[in-house]
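Chemist: This is the structure I want to talk about, given as structure tokens.
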Amino acid sequence: MGMSAGHGFRVLGLISGTSVDGIDVAVADLHAEDGTVVLTPLGELDVPYPEPLREGLLAALPPNPCTAEELTRLDTGVGQAFAAAAARGLEELAGGTADLVASLGQTVFHWVEDGHVRGTLQLGQPAWIAERTGLPVLADLRARDVAAGGHGAPLASTLDQLWLRGLAQDTGHPVAALNLGGIANITVVAGGEPAIAYDTGPANALLDLAAYRVTGRRSDVDGWLALGGSVRSDLLVRLLADPYFAAAPPKSTGKEHFNAPYLDAALAGVGPVDPADLLATLTELTAATVADQCRRHGVTTVIASGGGVANPAVMTALARNLGASTVLKTSDDLGLPGAGKEAYLTALLGWLTWCGVPGTVPSATGARGPRLLGALVPGAGPLILPAPLGGTVTRLRVAEKAV
């Protein structure tokens, strides 16, 4: 795999997060140098879902009911939307050529029972992507980890452990990678120990829900409502009483849990809450639960990414909760575009499977061991996989794109 001439192995990564706002696309060149995978970001795009598809997806999410017919329509709709996004990504970011597409799809259900994940469903039929691009597609990246006893999440731990291990060794303290999507998750990377990663609780999921109720818009743009409100400690205490926050990792959660009924149950126990105060309190919930878990692991550096980074109310509350002794940076500060981080992660997972390298960190997902991830759909021609890389990949270096 020591391909240095021309481009390395080029992967286009696709994912839509739990906020269901659209499809993140990123293209990366990847190659191995000894035990290091070198990732060169070639660019990222955010492609919004067509509005009827977005509405259909939101209507199908728990606690709403959903039929097999509706799931089939959505699986096709998301597959076609991912295919169109991939075609755009190839044209705009990759000069028309890539070797593989990796798709994390659209999660619609994460089945957790008694703290164990029994199954997880991502929509976005990969055949549409293969048909449209002619490239092989790696999809269903979470299922194998679940089958091996893991949570199938957070898969970001794979990238974070490889990427941040050096920083943790240099500073001599654990580093946390924080993703602020619909749900917040952290990966704690320490020099010599296996990474730990889990969902800390809600991030944008409840903020977007509350903003929509209050303003009719999808989100509290730039956090202006939250910044104008005050934290209602009585409501915060009720929200924090949820047993998820006290449960030990590994653990994962989603909109099946942190949704309108959860919010309504907390609101039912307090007097009327001003809209700005509601947003300020939910912002504090995210910041407090993230900071609490960072303290638990002795983290002194937090590298944030995801949609929540663009919300000043969230970042201000987070910095205050973390305290002056903890450094808060974004992944952009370290050369990895935060807006596309999950799509770059998807591309990395694609490359790992293609090279025969396991894509999971068992200490993070809780699985019985590392596993090769995903199901491969052939492109226009037969699948021709390279000889397995052999050995392990222990580091990731983000390289700058040659201009």
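Chemist: Residues in the stretch 149-170: is at least one closer than 30 Å to L318 by Cα, acidic (D, E) and in a helix (DSSP H, G or I)?
Modeler: The answer is yes, given that some residue of the stretch 149-170 is closer than 30 Å to L318 by Cα, acidic (D, E) and in a helix (DSSP H, G or I).
Chemist: Okay, next question. Might you let me know whether the stretch 149-165 holds any residue that is within 21 Å of the chain's Cα centre (by Cα), surrounded by fewer than 23 Cβ atoms within 10 Å (Cβ to Cβ) and at pLDDT 95 or above?
Modeler: First pass over the stretch 149-165, keeping only residues within 21 Å of the chain's Cα centre (by Cα): 149-165.
With the extra rule that they be surrounded by fewer than 23 Cβ atoms within 10 Å (Cβ to Cβ), the set shrinks to 149, 165.
Then keep just the ones that are at pLDDT 95 or above; that gives 149.
Within the stretch 149-165 (the criterion being within 21 Å of the chain's Cα centre (by Cα), surrounded by fewer than 23 Cβ atoms within 10 Å (Cβ to Cβ) and at pLDDT 95 or above), the answer is yes, since at least one residue qualifies.
Chemist: Are any residues in the stretch 290-309 within 18 Å of the chain's Cα centre (by Cα) and either surrounded by fewer than 16 Cβ atoms within 10 Å (Cβ to Cβ) or among the hydroxyl-bearing types (S, T, Y) (or both), and if so, which ones?
Modeler: Result: S305, single match.
Chemist: Applying the selection to the stretch 316-343, what residues are open to solvent by 40 Å² or more (accessible area, probe 1.4 Å) and of a type in the set (S, T, Y)?
Modeler: Result: T316, S325.
Chemist: Looking at the stretch 5-21, which of its residues are modelled with pLDDT of 95 or more and closer than 14 Å to A343 by Cβ?
Modeler: R10, V11, L12, G13, L14, I15, S16 - these are the residues of the stretch 5-21 that are modelled with pLDDT of 95 or more and closer than 14 Å to A343 by Cβ.
Chemist: Continuing with this model, one more query. Quick one: how many residues across the stretch 127-145 are in contact with a Ser or Thr (Cβ under 8 Å, 6 or more places away or on another chain) and either open to solvent by less than 30 Å² (accessible area, probe 1.4 Å) or assigned to a strand (DSSP E or B) (or both)?
Modeler: Looking only at that region, the number is 6.
Chemist: Only one of K251, K341, K329 is touching a Ser or Thr at 6+ places or on another chain (Cβ under 6 Å) and charged (D, E, K, R); which? First the steps, then the outcome.
Modeler: Numbers: K251 fails: touching a Ser or Thr at 6+ places or on another chain (Cβ under 6 Å); K329 fails: touching a Ser or Thr at 6+ places or on another chain (Cβ under 6 Å).
Testing whether each residue is touching a Ser or Thr at 6+ places or on another chain (Cβ under 6 Å) and charged (D, E, K, R) leaves just K341.
Chemist: Can you spot a residue in the stretch 112-126 that is acidic (D, E) and assigned to a strand (DSSP E or B)? Outline the logic, then answer.
Modeler: If we filter the stretch 112-126 for residues that are acidic (D, E), which is where we start, we get 113-114.
If we keep only those that are assigned to a strand (DSSP E or B) too, we end up with 113.
Taking every residue of the stretch 112-126 in turn, at least one turns out to be acidic (D, E) and assigned to a strand (DSSP E or B).
Chemist: Hey, can you tell me all the residues within the stretch 319-345 that are in a loop (DSSP other than H, G, I, E, B) and either in contact with a Lys or Arg (Cβ under 9 Å, 6 or more places away or on another chain) or under 20 Å from F82 (Cα atoms) (or both)?
Modeler: Start the filter on the stretch 319-345 by keeping residues that are in a loop (DSSP other than H, G, I, E, B), which leaves 323-326, 335-337.
Correct list: G323, T326.
Chemist: So which residues in the stretch 166-182 are crowded, with 24+ Cβ neighbours inside 10 Å and in contact with a His (Cβ under 9 Å, 6 or more places away or on another chain), if there are any at all?
Modeler: Listed by number, the list holds a single entry, A176.
Chemist: May I ask you to say which residue of R395, R371 is under 16 Å from S157 (Cβ atoms), open to solvent by 70 Å² or more (accessible area, probe 1.4 Å) and touching a residue at least 40 places away in the same chain (Cβ under 8 Å)?
Modeler: Details: R371 fails: open to solvent by 70 Å² or more (accessible area, probe 1.4 Å).
Going through R395, R371 in turn, just one is under 16 Å from S157 (Cβ atoms), open to solvent by 70 Å² or more (accessible area, probe 1.4 Å) and touching a residue at least 40 places away in the same chain (Cβ under 8 Å): R395.
Chemist: Let me ask something else. Does any residue of the stretch 43-54 turn out to be open to solvent by 20 Å² or more (accessible area, probe 1.4 Å), over 30 Å from K401 (Cα atoms) and either aliphatic (A, V, I, L, M) or touching a residue at least 40 places away in the same chain (Cβ under 8 Å) (or both)?
Modeler: yes
Chemist: What tally of residues in the stretch 267-279 results from selecting those that are open to solvent by 10 Å² or more (accessible area, probe 1.4 Å), touching a Leu at 6+ places or on another chain (Cβ under 9 Å) and modelled with pLDDT of 95 or more?
Modeler: Start the filter on the stretch 267-279 by keeping residues that are open to solvent by 10 Å² or more (accessible area, probe 1.4 Å), which leaves 267-278.
Okay, now just the ones that are also touching a Leu at 6+ places or on another chain (Cβ under 9 Å), so 267, 269-270, 273, 275-278.
With modelled with pLDDT of 95 or more added as a condition, the list becomes 267, 270, 273, 275-278.
Counting residues in the stretch 267-279 that are open to solvent by 10 Å² or more (accessible area, probe 1.4 Å), touching a Leu at 6+ places or on another chain (Cβ under 9 Å) and modelled with pLDDT of 95 or more gives 7.
Chemist: Here's something else I'd like to know. Search the stretch 346-359 for residues being part of a helix (DSSP H, G or I) and open to solvent by 10 Å² or more (accessible area, probe 1.4 Å), and hand back the single one that is farthest from G307 (Cα to Cα).
Modeler: Let us first name the residues in the stretch 346-359 that are part of a helix (DSSP H, G or I), namely 346-354.
This time we only want the ones that are open to solvent by 10 Å² or more (accessible area, probe 1.4 Å), so: 353-354.
Values: T353: 27, W354: 29 Å.
Among those that are part of a helix (DSSP H, G or I) and open to solvent by 10 Å² or more (accessible area, probe 1.4 Å), it is W354.
Chemist: Return the residue satisfying two criteria in turn: it lies in the stretch 101-122 and is hydrophobic (A, V, I, L, M, F, W, C) and either touching a Ser or Thr at 6+ places or on another chain (Cβ under 6 Å) or buried (at least 22 other Cβ atoms within 10 Å of the Cβ) (or both), and of such residues it is farthest from V377 (Cα to Cα). Talk me through it step by step, then tell me what you get.
Modeler: As a first pass, look at the stretch 101-122 and keep what is hydrophobic (A, V, I, L, M, F, W, C): 101-102, 104, 108-109, 111-112, 117, 121.
Subset that is either touching a Ser or Thr at 6+ places or on another chain (Cβ under 6 Å) or buried (at least 22 other Cβ atoms within 10 Å of the Cβ) (or both): 101-102, 104, 108, 117.
Details: V101: 10, A102: 10, L104: 14, V108: 21, V117: 25 Å.
Checked the stretch 101-122; the qualifying residue farthest from V377 (Cα to Cα) is V117.
The values are calculated or read from the model by the stated rules, or taken from the named source; none is laboratory data. Just so you know, these numbers come straight off a predicted model, no measurement behind them. Methodologically, a virtual Cβ is constructed for each residue, glycine included, from the backbone with ideal geometry; neighbour enumeration extends over all protein chains shown. Side chains included, ligands, DNA and RNA excluded: accessible areas come from the protein's heavy atoms. Shrake-Rupley method; radii C 1.70, N 1.55, O 1.52, S 1.80 Å.
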